[in-house]
1. Pick out the one residue from Asp340, Asp364 that is away from ligand 3 (no atom under 16 Å from the Cβ), in the same structural domain as Glu31 (by TED's automatic domain parsing) and surrounded by fewer than 17 Cβ atoms within 10 Å (Cβ to Cβ).
2. When the residues of the stretch 102-129 are filtered to those that are under 21 Å from Cys303 (Cβ atoms) and aromatic (Phe, Trp, Tyr), which remaining residue is farthest from the chain's Cα centre (by Cα)?
3. Please enumerate the residues belonging to the stretch 85-135 that are without any contact (Cβ under 8 Å) to a residue 12 or more places away in the chain and more than 25 Å from Ala227 (Cα to Cα).
4. Within the stretch 310-326, identify whether any single residue is under 13 Å from the mean Cα position of the chain (by Cα) and crowded, with 23+ Cβ neighbours inside 10 Å, and answer yes or no.
5. In the set Ser219, Ser189, which member is of a type outside the set (Phe, Trp, Tyr), in the same structural domain as Arg135 (by TED's automatic domain parsing) and under 20 Å from Gly140 (Cβ atoms)?
6. Being more than 30 Å from Arg174 (Cβ to Cβ), away from ligand 3 (no atom under 16 Å from the Cβ) and more than 16 Å from the chain's Cα centre (by Cα): is that true of Met355 here?
7. So if I check each of Ser86, Ser189, Ser167, Ser120, which one is among the polar types (S, T, N, Q), buried (at least 19 other Cβ atoms within 10 Å of the Cβ) and more than 16 Å from ligand 3 (Cβ to nearest atom)?
8. Does Ala255 fit the bill of being closer than 30 Å to Ala333 by Cα and within 12 Å of ligand 1 (Cβ to nearest atom)?
Amino acid sequence: MSTPSLLILPGDGIGPEVMAEVVKIIDWYGENRGLTFDVTMDLVGGAAYDAHGVPLSDETMAKAQEVDAVLLGAVGGPKYDTLDFSVKPERGLLRLRKEMDLFANLRPAQCFDALADFSSLKKDVVAGLDIMIVRELTSGIYFGEPRGIITENNERVGINTQRYTESEIERVARSSFELAMRRNRKLCSMEKANVMESGILWREVVTEVGKDYPDVALSHMYADAGAMQLCRWPKQFDVIVTDNLFGDLLSDAAAMLTGSLGMLPSASLGAPMANGRPKAMYEPVHGSAPDIAGQGKANPIACILSFAMALRYSFDEGEEATRLEKAIEKVLADGVRTADLLGEEGATPVSTSEMGDKIVAALDASL
Ligand code: NAD
Ligand code: IPM
Ligand code: MN
């Protein structure tokens, strides 16, 4: 098999800081496991805007379509807040998701034992937690037409449209049932069928797809009640499937079950390519964290766990993914903490790069 290709887009703010630690891990795999990647680095978000006047160049977009997987850090920041909407950093990320057709965004929320005391929820509620939120990523209110800001009766009106076709719901539902089959065979679908027609259709289509998966226990919940249940007793869930906007909100909420937004990875998957691998982009759930950018404070674990997901879902290296996850678990069990994983009066935090070095050392120890 030819050397697998990776496009790395560090982006803005803490994006380049956390991605530098992922590069250390990639190098480690090359030196110690014979797992080498053909790596290209490029720009996205504000960094691309500064260089090219657009948040994603056509060349970078074309490259993303060719590679085996894309790794993305984060985009955005206050410097770009006043830019025209069409060239905001976030548009670059949304273009990648849409044009690569990455419809299934897997956002696992796992509570590492060493952090069970640290979550803002009680230890009982989060200890041992391992759930997967599947967020639809290429449709819904993020992309629906009509949209825009218009003037009507002498005042401005902001418009966005929630729109889902049956086939869009069907494919993300199918991916979620497949995942549930490989996990605990429990799927909860969340929408607001009580107030939205798109929610009614969502529930009908998910139920229909469920007939092909009689071994999966399917339940439905209104997304607002789902948010409450995620905080009340998250262990009732295994896989959750939901739309683009609800998935955005629910996954940030789920981050706090794990202790920090700096812990949550994600995989955005599309249809299989000619080589059988899914089109894929891996990115932490967090953003560019302008409040801590440039200070060496960022937690790189979400981005490193996103690379572990790449090993598992794009490169068929499940055992190596587990090795990396176990190395992270060990470092956390040893009490190594970036600032986001410490309380107000906690011990001294390690820097972003020290955390990366500790994980590399734990990988060494795993050999
Ligand atoms: P954010 O995720 O950047 O930050 C929220 C809070 O979490 C901040 O206090 C931040 O310091 C903290 N945090 C986030 N990641 C962390 C990490 N790895 N280690 C330690 N602490 C971490 O969200 P925001 O402040 O709402 O958004 C900032 C910018 O990022 C905006 O421009 C937004 O659009 C963008 N954003 C980008 C992505 C992405 O690129 N995928 C995701 C979310 C937000
Ligand atoms: C995320 C982010 C993005 C989203 C933004 C930056 C476009 O919040 O990946 O969760 O809203 O999808
Ligand atoms: Mn988000």
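The values are calculated or read from the model by the stated rules, or taken from the named source; none is laboratory data. If you're wondering where the values come from, they're calculated on a predicted model, not measured in any experiment. Please note: Cβ atoms are built from the backbone with ideal geometry, for glycine as well, and neighbour counts cover all protein chains shown.
1. Asp364
2. Checking each candidate, the answer is Phe118.
3. Phe85, Ser86
4. Yes, there is a match, as at least one residue in the stretch 310-326 is under 13 Å from the mean Cα position of the chain (by Cα) and crowded, with 23+ Cβ neighbours inside 10 Å.
5. Sole residue among the options that is of a type outside the set (Phe, Trp, Tyr), in the same structural domain as Arg135 (by TED's automatic domain parsing) and under 20 Å from Gly140 (Cβ atoms): Ser189.
6. For Met355, the condition - more than 30 Å from Arg174 (Cβ to Cβ), away from ligand 3 (no atom under 16 Å from the Cβ) and more than 16 Å from the chain's Cα centre (by Cα) - is met.
7. Ser189
8. Criteria met by Ala255.
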